[in-house]
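Enquirer: Structure below; questions to follow.
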Amino acid sequence: MSGLVYVAGLLVLFHLAYVWAIFRKDFSVIDVFWGPSLAWAGLCGFLFAVGSGMSETVSVLGLGSLALLLAWALRLSGYIALRARRLGKEDARYANWRAQWGRRAISIAYVRVFLLQAAISLWIGAPVFVAFRSKLGREETSLIEIVGLLAMLIGFVYESVADFQKSAFKAKPEHKDRMLTSGLWKYSRHPNYFGEIVFWWGVSLSLFPQVAWWGLLPGLTINLLLLKVSGITLLEARYSARPEFAEYRRRTRALLPWWPRE
């Protein structure tokens, strides 16, 4: 029953996103719902744990990881919403798809954007939901959970700082169409993605005591998506046309932070 509630809530969330996207004529609003969809997995598991009477033995580590998951979702959703407002138009990726799909854009986007992201969210969130449904009833302290919680905290802070630096840089008119190469962006070309990956590997480690190897799905999936599918690959292709990118790429690692090459 609890699993059905989790899946139903997830589908409601993405269908609300779909209706909003049609109303605004902007498919990129789906990105605002991505964080909350994953936070829902942990929150739903927590609510069922409390409802079943586990609240008498609440795990401090479980509450800490839930709090970080909710903070991550709220920050990411707010950041994307503010960025979209500043941009004032549909994100280029979705605008290109809309142009390619033509008159069938609304129906194709339903499957290839909204249902697909719902499926990916379910794939990542299922072990989170299952783990949180039992995590809060555990009294013992696990070293791997402590390491996972610390990784979540480090990744969250690192990603937040990187996004803040980028927003502050782009807010200045003189930086239009220029690349940020200072701050955390001096040490890797995608520090926000590095923080995101660290955060989700932290989530996986924190889940391990409850769901074992199944808990590695979140970290592995986010890692794959950002490295090979929708993250670094797309951005690097977009930046390749900029004259300053070649030198930035030569000097700076793509993901793992390190001192720039001379």
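We did not get these values from a lab; they are worked out from the coordinates using the rules stated. Just so it is clear, the model here is predicted, and its values are computed rather than measured. Cβ: placed from backbone, ideal geometry, glycine included. Neighbour counts: every protein chain shown.
Enquirer: So, in segment 71-96, how many residues would count as being buried (at least 18 other Cβ atoms within 10 Å of the Cβ) and in a helix (DSSP H, G or I)?
Expert: Count: 8.
Enquirer: Which one is farthest from Ile108 (Cα to Cα) among residues in segment 1-28 that are of a type in the set (A, V, I, L, M, F, W, C) and surrounded by 21 or more Cβ atoms within 10 Å (Cβ to Cβ)?
Expert: So the residue we want is Leu10.
Enquirer: Identify, please: which residue in segment 97-116 is loosely packed, with under 13 Cβ neighbours inside 10 Å and more than 21 Å from Pro36 (Cα to Cα) and is, among those, farthest from the chain's Cα centre (by Cα)?
Expert: Arg103
Enquirer: Let me ask something else about it. Taking interchain pairs and intrachain pairs at least six residues apart, which have beta carbon atoms under 6 angstrom, with the first residue in segment 105-117 and under 18 Å from Glu90 (Cα atoms) and the second aromatic (Phe, Trp, Tyr) and surrounded by fewer than 17 Cβ atoms within 10 Å (Cβ to Cβ)?
Expert: Ile108/Trp101
Quick grid of which residues meet (1) more than 28 Å from Ile144 (Cα to Cα); (2) surrounded by 15 or more Cβ atoms within 10 Å (Cβ to Cβ):
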| site | (1), (2) |
| --- | --- |
| Thr181 | yes, yes |
| Lys186 | yes, yes |
| Trp200 | no, yes |
| Gly219 | no, yes |
| Leu226 | no, yes |
| Val229 | yes, no |
| Arg261 | yes, no |
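Here's the yes/no breakdown for (1) more than 20 Å from Arg93 (Cα to Cα); (2) touching a residue at least 40 places away in the same chain (Cβ under 8 Å); (3) aliphatic (A, V, I, L, M); (4) touching a Cys at 6+ places or on another chain (Cβ under 6 Å):
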position	(1), (2), (3), (4)
Glu196	yes, yes, no, no
Ser206	yes, yes, no, no
Thr221	yes, yes, no, no
Ala237	no, no, yes, no
Glu247	yes, no, no, no
Ala254	yes, yes, yes, no
Trp259	yes, yes, no, no
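Enquirer: Checking the conditions here, which among Ala131, Ala212, Ala119 is part of a helix (DSSP H, G or I) and buried (at least 22 other Cβ atoms within 10 Å of the Cβ)?
Expert: Ala131
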